[in-house]
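First comes the structure, then the notes that go with it.
Derivation of every value follows stated rules applied to the coordinates shown; laboratory data play no part. These numbers come from a predicted model, not from an experiment. No Cβ is skipped: glycine too gets one built from the backbone with ideal geometry, and neighbour counts run over all protein chains shown.
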Amino acid sequence: MKRRTFLVQGAGLGLAATLAPAAVHTATPASGAILVGQSAALTGPQAGFGIAMRDGIQAALQGVNRAGGINGRPVQMLSLDDQGDKARTEANVELLAGNRQVVGLTGFTTRPCSETGALLAAREGIALVGAFSGTPLLYGEKAPTTFTTRASYERELEAIVQHYRFLGAQNFGFVHLEDARSTNVPLLEKILARHGGRLSVTAGVDRKGPGLN
């Protein structure tokens, strides 16, 4: 399978992967398998997200393979640990993109690592399908080879605010990742202003802190 072919077929695979339940662990690539690559936090404070994403994708791939795979070939995933660190993500993407057996990327977690992965995927001309983040960069022209399966942060916040305003809530509290404060707090304030709500209190959480999971 060529990488360009994966851009079409991979979008459906990525959607199935993000919806699948967590179940199994990374398998050793078999001869003749279609290989996709993942960089995610599998150890460290953010491991809960990365392990759940990895196991969910593996469960989805089991279903794909039980149904005959893609054109009769099984699909398997090579997962690399980035510990939620941008530099490790860069190294992982370069390693995966340099492996000519890897036809696409999937299952990236966290905003910094998803952004890094999307930019490098565009540079390398390889698809990134189904990153966990809803950060704006993934939806713009800087990430032409990224295919999202999640709504953007703005759309998610808009839906949440609309729901609670419908229920009569006016004052809102916001727990956010500290390194995303400069983007997400003004975004929420803008949305609340449109719907007549007010941001009363905020609290930041360290992305790499021990209490994140």
Relative contact order of the range 32-116 (C-alpha contacts under 8 Å, at least 6 apart) in percent is 46 percent
If you take the square roots of the eigenvalues of the alpha-carbon gyration tensor of the range 153-205 and sort them as a ≥ b ≥ c, do you get rounded (a/c under 1.5), prolate (a/b over b/c) or oblate? prolate
Using a cut-off of under 13 Å, list every residue of the range 140-173 whose amide N is near the label point 7 Å from the Cα of Val201 along the Cα-to-beta-carbon line. 171-173
Based on the Cβ-Cβ distance of Asn99 and Asn71, what FRET efficiency does E = 1/(1 + (r/R0)^6) give at R0 = 25 Å, to the nearest 0.05? 0.75
If packing is taken as the mean number of other Cβ atoms within 10 Å per residue, what is the order of 108-117, 135-144, 174-183, 37-46, highest first? 108-117, 37-46, 135-144, 174-183
Run the numbers on the range 153-205 and let me know its relative contact order in percent, using alpha-carbon pairs under 8 Å that are six or more apart. 48 percent
